[in-house]
1. Just to check your reading of the model, which residue among 170, 193, 147, 184 is within 20 Å of residue 55 (Cα to Cα) and either without any contact (Cβ under 8 Å) to a residue 24 or more places away in the chain or part of a helix (DSSP H, G or I) (or both)?
2. If we scan segment 25-32, do we find a residue that is in the same structural domain as residue 110 (by TED's automatic domain parsing), touching a helix residue (DSSP H, G or I) at 6+ places or on another chain (Cβ under 9 Å), modelled with pLDDT under 60 and surrounded by 14 or more Cβ atoms within 10 Å (Cβ to Cβ)?
3. If you check residue 147 against the conditions, is it in the same structural domain as residue 68 (by TED's automatic domain parsing) and surrounded by fewer than 13 Cβ atoms within 10 Å (Cβ to Cβ)?
4. Scan segment 81-92 and tell me whether some residue there is modelled with pLDDT of 90 or more, buried (at least 19 other Cβ atoms within 10 Å of the Cβ), assigned to a helix (DSSP H, G or I) and more than 15 Å from the chain's Cα centre (by Cα).
5. Name the residue that is modelled with the lowest pLDDT, counting only residues in segment 108-146 that are over 22 Å from residue 47 (Cβ atoms) and in contact with a helix residue (DSSP H, G or I) (Cβ under 9 Å, 6 or more places away or on another chain).
6. Residue under question is residue 167, and the condition is that it be surrounded by 11 or more Cβ atoms within 10 Å (Cβ to Cβ), assigned by TED's automatic domain parsing to the domain that holds residue 47, at pLDDT below 90 and within 30 Å of residue 194 (Cα to Cα); does it hold?
7. For segment 23-48, how many residues are part of a helix (DSSP H, G or I) and touching a residue at least 12 places away in the same chain (Cβ under 8 Å)?
């Protein structure tokens, strides 16, 4: 039996969020609390926990919808996860929903990091603290790699060869060839939109 079967079964057996099951969008308070929990659990980056909460726990989005929304936020200026909170909240509850998700994402960690910043300014030279931070950075990289593979799952399930080729091409251009990010995006975004439009049009015909 594959190692992915147990997590998959757990995800499929997990009860959907009541607001989703009833067809009603979550309340502003629910959005604020959901993103507050994401931010407080988001050691090494919030994206891992955001996808788990939105797609697997609350089922407010499918995996494909999350990927599409995150792709849009990735190409907008500013931090990706902050963009995601605004776009996602506004999609469910309008501008007020965007503000609630944004506040939930940033307010709790901002307060905590302010306190930790004061502590680090005084004790940052302690050797034990430096070693601890080095270990945390390794865990953060592992979490990021894990969520990348989870986001690739819809492409692999659909055997979307075009999407995988575009993804690998962008990775090679930026990660291997070290081409400027802006130049790669100026080519990759119009190309991916054009290819997707043509393929969907062909299927529709």
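1. 147
2. no
3. The answer is no for residue 147.
4. The answer is yes, given that some residue of segment 81-92 is modelled with pLDDT of 90 or more, buried (at least 19 other Cβ atoms within 10 Å of the Cβ), assigned to a helix (DSSP H, G or I) and more than 15 Å from the chain's Cα centre (by Cα).
5. Checked segment 108-146; the qualifying residue modelled with the lowest pLDDT is 124.
6. So residue 167 does not fit the description; no.
7. Summing the residues that are part of a helix (DSSP H, G or I) and touching a residue at least 12 places away in the same chain (Cβ under 8 Å) in segment 23-48 gives 14.
The values are calculated or read from the model by the stated rules, or taken from the named source; none is laboratory data. Predicted, not measured: the structure shown is a model, and the values here were computed from it. Neighbour counts are summed over all protein chains in view; Cβ atoms, including those assigned to glycine, are modelled from backbone coordinates with ideal geometry.
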